[in-house]
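Bear in mind these aren't lab numbers, they're just calculated from the coordinates by the rules spelled out. Because the structure is predicted, anything quoted here is derived from the model rather than measured. Please note: Cβ atoms are built from the backbone with ideal geometry, for glycine as well, and neighbour counts cover all protein chains shown.
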Amino acid sequence: MNALVWSLWTATVLLDTGGQLAFKAAAGDPEAGDGLARWKHMLSRPWLWIGGACYVLEFLAWIAFLSLVPLGRGVLLGSINIVAIMLAGRWLFGEKLTPWRLAGMGLIGAGVAMVGAGA
Amino acid sequence: MKRFYLIGFALLMGFDTLAQLSFKHAGAGAFPPEASVEWLLRLLAQPWLYGALLGYIGAFFTWMSLLKHAPIGPAFAASHLEVVSVLALSAWLFGERLSSLQIAGAAAIVAGIVCLAMGEPDDAESGSERAAQLAVGAERKDAGEADGGAAH
C-alpha cells in the first residue's frame with residue numbers, strides 16, 4: 001500500500017470512529033427527552049451535525065479508498081473499527097468491558113476480518 | 001430491555017440489508033458506469049435506488065434510537081450482523097460463491113452476537129448490579145445502561 005492508500009485508510013477509520021462517537025453523544029444525552037422534542041434537542045446541538053459531517057467525509061474517503069483496493073479490504077477495515085470504537089467507548093463513556101462483551105466483540109471483529117479476507 | 005435490543009437490531013439489520021441489496025440492483029440496472037448525465041439519469045430511473053435511500057434513512061433513525069440506551073462499543077459490533085445477512089442473500093439471490101473462510105467468519109459473527117446477548121443482564125440483575133455499584137461507589141457507568149435499567 002502506498003502513502004495515498006494509507007492516508008485514505010486512516011481517514012476512514014478516524015472518521016468512522018469519530019462519527020459513531022458523536023452520534024452516541026447526541027443520542028445518549030439524558031437531557032434530550034423523547035419523541036419530536038428529542039430530535040429538536042439533538043438538532044440544536046453540535047453532536048448530530050458533527051456525526052453527519054464525519055459521515056459525508058467518510059463517504060468520499062471510502063469511495064476513493066475502494067477505487068484503489070478490492071472490496072474485501074473494505075470489509076476487513078470494518079473489523080478494525082470495532083476495536084477502535086470499543087476502546088473509545090470505554091474511555092469516553094465509561095462502558096464496561098465485561099468478559100461476555102469482550103468475547104462478543106472479539107468474535108465479531110474476527111468474523112468480519114475473515115469475511116473480508118475470504119472475499 | 002432485551003426485547004428493545006432484539007427488535008431494534010433486527011430492524012437495523014433489515015434496513016441495512018435492504019440498502020445494500022438495493023445498491024447492488026440499482027448499480028446493475030444502470031450498468032455500465034460512466035461519467036455522464038445519461039448515466040446519472042439512468043441511475044435515478046432505477047426504482048431500487050429509492051429502496052437504498054429508504055434503507056439508509058430507516059437505518060439512521062433505528063440506530064439513533066438504539067444508541068439512546070445501547071453502549072456504543074457492543075452496539076457497533078452487533079451492527080455487523082448485516083455482513084452475515086448480506087452474505088447469505090447474495091449467495092441466494094445473485095448466486096455468488098462463498099469461500100469457506102467467509103462461512104467461518106459468518107459463524108464467528110453469529111457466535112459473537114450470542115455472547116453479547118448473554119452478557120446483557122436481565123432487568124432484575126441489572127438493577128442489582130447498579131445497586132452493588134452504588135454501594136461500592138464504583139466508577140460512573142454508561143448513562144445509556146443506567147437509563148435502561150431504570151426504565152423497567
Protection proxy (average C-beta count within 10 Å per residue), highest first, orders B:110-118, A:90-98, A:35-43 as B:110-118, A:90-98, A:35-43
The long-range amide H neighbours of B:Glu96, using H built 1.01 Å from N in the peptide plane and a cut-off of under 5 Å, are B:Ala91
Quick calc, B:Ser65 & B:Ala91: beta-carbon distance into FRET formula, R0 41 Å, rounding 0.05, result 0.85
Between B:Ile103 and A:Leu71, the FRET efficiency computed from the C-beta separation at R0 = 25 Å comes out, to the nearest 0.05, as 0.90
Quick calc: nm separation of the 7 Å Cα→Cβ label points for A:Leu92 and B:Arg42 -> 4.2
Kirkwood-based Rg/Rh on the Cα set of the protein assembly as shown evaluates to 0.98
Hull volume per residue for the stretch A:45-119, using the convex hull of the C-alpha atoms, in Å³ is 85
Filtered hits (lysines, Cα-Cα < 21 Å from B:Lys2, offset >= 8 within chain) -> A:Lys24, A:Lys96, B:Lys68, B:Lys141
The relative contact order of chain A, taking Cα pairs under 8 Å that sit 6 or more residues apart, comes to a percentage of 31
For the pair A:Val83 and A:Ala64, the simple spin-label estimate (label points 7 Å beyond Cα toward Cβ) gives in nm 2.5
Simple SL model, points at 7 angstrom along Cα→Cβ for B:Phe23 and A:Leu4; separation in nm is 2.2
